[in-house]
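A.B. asks: The structure follows.
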2 protein chains.
Amino acid sequence: MSRYRNDDAQRYADIFKALSNPYRVKIFMRLASCCIEASPCGSDGQICECVGTLGKDLGIAGSTVSHHIKELNRSGLVKIKRHGQRTECSVDLSVIDLLLEFFKLAEPV
Amino acid sequence: MSRYRNDDAQRYADIFKALSNPYRVKIFMRLASCCIEASPCGSDGQICECVGTLGKDLGIAGSTVSHHIKELNRSGLVKIKRHGQRTECSVDLSVIDLLLEFFKLAEPV
DNA sequence: TATAAATTTCGAAACACTTCGAATATCAGA
DNA sequence: TCTGATATTCGAAGTGTTTCGAAATTTATA
């Protein structure tokens, strides 16, 4: 067990739970992709999308999209920031690094 | 959305759901770690642990450990193989590679 | 200030997950 | 073949998740 810190299990479980729903995975994919494809749309040059555009192609109610984004935010995967009428969302890269480390530790040296 | 294949969302959600429980994360950590720390204990030289040893420090019923391992297996994260009285478990490295790619795509280039 | 747009909160229904102990199954060795 | 060790399946209770539409909130603009 020593390659990992056993105390971190709950933290990782929370993050993976946030990605355990296909709609949330799609939202995450989209946010992660727009860092490259879209031009910066955030208020401070940070790249993000808002709840409305994220829910557009998902075929679920807006209230459900809002709920899913809140879950992603709670886990730390996604940052949200109100700007005017819109809530802008973006992937938090520090959590991505954490997860990359998590799975790198599972690979043989 | 084009850095990712939208159709893969369900597959990823299934894998992350398998890791959305802290006991399953602990089991995964332990299986991932023993590839280095423990000497090979699998029947064919493959490194693994059995249900009993995995559940030892978890403080939950054996039937629950069995259930969690089945979930990990269903998602493809863990291979299981009956050998004698014991069921040997090991991490499937191809899924680890898949997940490393998933999160690498979320990092800016 | 009044209205419209974007989002969140709320309550409810349906469904899925977690965990246990008891019962059952599988297998090695006496 | 009988026994003990290991593991799985089953049924049940409690809890958590998903989704919706309606209502409320927040903010820009007429």
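A.B. asks: Going by the structure shown, is A:I60 modelled with pLDDT of 95 or more and either within 11 Å of the chain's Cα centre (by Cα) or of a type outside the set (A, V, I, L, M) (or both)? Don't jump to the end; show me each part of the working.
C.D. replies: Working: modelled with pLDDT of 95 or more: yes; either within 11 Å of the chain's Cα centre (by Cα) or of a type outside the set (A, V, I, L, M) (or both): no.
When the stated conditions are applied, A:I60 does not pass them.
A.B. asks: Output the residues belonging to the range A:65-89 that are near DNA strand D (Cβ under 6 Å from one of its atoms) and either at pLDDT below 95 or loosely packed, with under 13 Cβ neighbours inside 10 Å (or both).
C.D. replies: A:R82, A:G84, A:Q85
A.B. asks: How many residues does the range B:22-50 contain that are in a helix (DSSP H, G or I) and modelled with pLDDT under 90?
C.D. replies: 2
A.B. asks: How many residues does the range A:70-92 contain that are near DNA strand C (Cβ under 7 Å from one of its atoms) and either part of a loop (DSSP other than H, G, I, E, B) or in contact with a strand residue (DSSP E or B) (Cβ under 6 Å, 6 or more places away or on another chain) (or both)?
C.D. replies: Result for the range A:70-92: 4.
A.B. asks: Return the residue satisfying two criteria in turn: it lies in the range B:1-21 and is basic (K, R) and assigned to a loop (DSSP other than H, G, I, E, B), and of such residues it is nearest to the other protein chains (Cβ to nearest Cβ).
C.D. replies: Going residue by residue through the range B:1-21, those that are basic (K, R) are B:3, B:5, B:11, B:17.
Filter again for assigned to a loop (DSSP other than H, G, I, E, B), leaving B:3, B:5.
Working: B:R3: 4, B:R5: 9 Å.
For the range B:1-21, the residue satisfying everything is B:R3.
A.B. asks: Identify all residues within the range A:50-69 that are on the phi < 0 side of the Ramachandran plot and more than 13 Å from DNA strand C (Cβ to nearest atom); write none if there are none.
C.D. replies: The one that is on the phi < 0 side of the Ramachandran plot and more than 13 Å from DNA strand C (Cβ to nearest atom): A:D57.
A.B. asks: Show the residue pairs meeting these rules: Cβ distance below 7 Å; 6+ apart or different chains; first residue within the range A:68-85 and under 15 Å from A:L31 (Cα atoms) and away from every other protein chain (no Cβ under 14 Å); second residue within 11 Å of DNA strand D (Cβ to nearest atom) and in a loop (DSSP other than H, G, I, E, B).
C.D. replies: none
A.B. asks: Looking at (1) within 17 Å of the chain's Cα centre (by Cα); (2) at pLDDT 95 or above; (3) within 14 Å of DNA strand D (Cβ to nearest atom), find the lone condition where A:L98 falls short.
C.D. replies: The number of the failed condition is (3).
The values are calculated or read from the model by the stated rules, or taken from the named source; none is laboratory data. Every value quoted in this text rests on a predicted model; they were computed, and no experiment measured them. Backbone-built Cβ (ideal geometry, glycine too); neighbour counts: all protein chains shown.
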